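Every number here is computed from the coordinates shown, using simple stated rules; none is lab data. Quick caveat, the model's predicted, so the values are computed rather than measured. Cβ sites come from the backbone with ideal geometry, for glycine too, and all protein chains shown count toward neighbours.
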Amino acid sequence: MDGRIKEAVDLFQEVMLYGTERVIKAIDDPLWKEFSPEQMQMLKLISKEKRVTSSRLAVLQAVHKSAISSRIKKLLQKEVIRFVQAEQQDRREKLIELTEQGEKILAQSDKVLTDYIEKLMSEHVNDEEIDQFLTIFRKLKDIIKTDGVS
């Protein structure tokens, strides 16, 4: 598909890198001062996975296990995550899940982020473009899940 796929990948990476930085700088919410972007991402991942190991989080966040251990320790202290025992396979393996407080924090963060992005997009993106964006990203999500990467 000529250079369009490379351009799409480059654009996606730029939006993710610079967009995240812009959002973090632009959103003035106490929550985003209390939790680092990496911690917020970890909460989001735990929410999506329901229960997850620290090893899986290290893979998903593409960092060394020591970085994950540090984040886990801080999030445990803030009482937004907790350890639970694995039910079947390896009983020694500890899983991480959100606490009720963690779910509240994540919902609050999602609302702040959604409100900001909605305001930003409403000024620059029309409804048809949003529909196109959703169609493409839903398709990409299905393709990725079908390939066994979840």
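Sorting His124, His64 by the number of Cβ atoms found within 10 Å of their own Cβ, with the fewest placed first, yields His124, His64. With contacts taken as Cα pairs under 8 Å at a separation of at least 6 residues, the chain carries a relative contact order of 20 percent. Helices that extend 30 Å or more along their long axis by alpha-carbon positions and average at least 1.0 on the Kyte-Doolittle scale are absent among the DSSP H runs of the chain.
Between Phe12 and Val84, the simple spin-label model (points 7 angstrom out along Cα→Cβ) gives 3.1 nm.
Of Phe12, Phe35, the sequence from fewest to most neighbouring Cβ atoms within 10 angstrom is Phe12, Phe35. Each of Gln39, Leu95, Leu113 was scored by the projection of its Cα onto the charge dipole of segment 30-146, and the greatest displacement toward the positive side belongs to Leu95; charges sit on the C-beta of Lys, Arg, Asp and Glu.
The calculated FRET efficiency for Ser69 paired with Arg4, based on their beta-carbon distance and R0 = 30 Å, is about 0.15.
Legend: ranking of residues Ile24, Ile46 from fewest to most surrounding C-beta atoms inside 10 Å; resulting order Ile24, Ile46. For segment 30-146, the dipole from Cβ point charges (+1 on Lys and Arg, -1 on Asp and Glu) about the Cα centre works out to 840 debye, to the nearest 20. Looking at this model, which pairs from Lys48/Lys94; Lys6/Lys145; Lys74/Lys111; Lys25/Lys111 are more than 19 angstrom apart at the alpha-carbon? With Cα atoms farther than 19 Å apart: Lys6/Lys145; Lys74/Lys111. Between the listed residues Val59, Ile24, Ser122, the Cα displaced farthest toward the positive end of the dipole of the chain, a dipole computed from Cβ unit charges relative to the Cα centre, is found at Val59.
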